[in-house]
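For reference, the structure is listed below as structure tokens.
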Amino acid sequence: MTQHDDVIIPCLYNSFSFTPENNAIVYYDMNTRPVTMSSLYDRVTETEPVAVAVAVSSCVVPAEASESSDASDTSDTSDASDASDAKEVVDTTFHPDVMARYSYTVRSDATDSLLWLTYVMLYGTEKYETIENLYTESNRFKFELIETLRTCKPVLKANKIRISEIEETLVHKPFIHLETLRAIAVCKGVSVCIVQDRKYFHCDNGNSGAFILEKIKGKYVLYLAPMELLEKYLNFIRQNYWLMESISAPIRPISAYKLNDLVNISTRLGLPIVNIIPGKFGSMGTEKRKTKSELYEAIKLKVYL
């Protein structure tokens, strides 16, 4: 090991203090030369002011700041209370999870949830919950709807709805379809927003309020919430989900879209717009933007699920 005159190895406890008062103790350097505590202290303190100066300089408060702080000390107490109130920012961002507590589902023995939620929208929950025989009431309700549709043929024709197909569904099919619900909404003048997996269709009939139906795990739920909350959810849907142009044909041919259109639709549906190419030997992968055809196929698969 190389010998250095300035290397000192003190045998001290951790609690020992390097002060002039301790200069009676003698220590030895690597050359066994006696060194007094006073000379050691002088050598230590030569470097201390630099460190202290750095520490102090980092904490120096500018004169303007100190003057402003003095002024704040003399300010009115009401200003201080106003400042504390300003720090408390209330987060009013809407989150769709809040709607779960307002979801209304039909009884377990009601297999066609879409039909019975249509019943609830037209007649209310009280009438629905007092039904004794669902089979008898469903038949009566369906024939009532057929009579209503027949009296509204001009309205259905204007909305390009074929009444023959709707009647076929109501009479011979075990479940009604979204197109059937749309026909009923048009004839009854009801506004309905139908949501499913980040896509939606809005049947707007000019009403100030709208019902919101959502398909969750294969069954529909109806949100019975205050009007203000329904409007917030409706705004959230419009801003974040994809609006289908038609229930029967929600997506057009690929030639009808530009690349940016498909990117926007994919984003609203929560679909990735890039392909991740894994790196070799565990290295970081790279991203490659999807082509127009890749985006379209992913959207089509999502829409027709």
Does Leu117 satisfy the condition of being under 12 Å from Thr180 (Cβ atoms) and in the same structural domain as Ala225 (by TED's automatic domain parsing)? no
Of the listed residues (Ser108, Ser113), the one being out of contact with any Asp or Glu (no Cβ under 7 Å at 6 or more places or on another chain), surrounded by 12 or more Cβ atoms within 10 Å (Cβ to Cβ) and among the small types (Gly, Ala, Ser) is Ser113
Quick check on this structure: which one of Ile161, Ile166 is crowded, with 17+ Cβ neighbours inside 10 Å, part of a loop (DSSP other than H, G, I, E, B), free of Cβ contacts under 8 Å to residues at least 40 places away in the same chain and assigned by TED's automatic domain parsing to the domain that holds Leu114? Ile161
Go over the candidates Lys280, Lys288 one by one and state the one that is more than 30 Å from Ala183 (Cβ to Cβ) and either surrounded by 10 or more Cβ atoms within 10 Å (Cβ to Cβ) or among the hydroxyl-bearing types (Ser, Thr, Tyr) (or both). Lys288
Could you say which residue among Ile247, Ile254 is among the aliphatic types (A, V, I, L, M), under 29 Å from Ile176 (Cα atoms) and either surrounded by 13 or more Cβ atoms within 10 Å (Cβ to Cβ) or touching a residue at least 12 places away in the same chain (Cβ under 8 Å) (or both)? Ile247
Search result, residues across segment 184-231 that are polar (S, T, N, Q) and part of a loop (DSSP other than H, G, I, E, B): Ser191, Asn205, Asn207, Ser208
Condition test on Arg289, is it among the charged types (D, E, K, R), assigned by TED's automatic domain parsing to the domain that holds Glu179 and at pLDDT below 95? no
Pick from segment 182-215, criterion buried (at least 20 other Cβ atoms within 10 Å of the Cβ) and among the basic types (Lys, Arg), ranking: nearest to Glu167 (Cα to Cα): Arg182
Six or more apart or on different chains, Cβ atoms under 7 Å: show the pairs whose first residue is in segment 98-114 and within 13 Å of Tyr223 (Cα to Cα) and whose second is part of a helix (DSSP H, G or I) and among the small types (Gly, Ala, Ser). Val106/Ser113
Can you name every residue in segment 110-127 that is assigned to a loop (DSSP other than H, G, I, E, B) and among the charged types (D, E, K, R)? Asp112
Failed condition for Arg252, given (1) in contact with a Phe, Trp or Tyr (Cβ under 9 Å, 6 or more places away or on another chain); (2) closer than 29 Å to Thr291 by Cα: (1)
Given the criterion in contact (Cβ under 8 Å) with a residue 24 or more places away in the chain, out of contact with any Lys or Arg (no Cβ under 6 Å at 6 or more places or on another chain), in the same structural domain as Thr169 (by TED's automatic domain parsing) and surrounded by fewer than 17 Cβ atoms within 10 Å (Cβ to Cβ), identify the matching residue among Thr130, Thr148. Thr148
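The values are calculated or read from the model by the stated rules, or taken from the named source; none is laboratory data. For clarity, every value in this text was computed on a predicted model and none was experimentally measured. Counting neighbours? That spans all protein chains shown, and the Cβs are built from the backbone with ideal geometry, glycine included.
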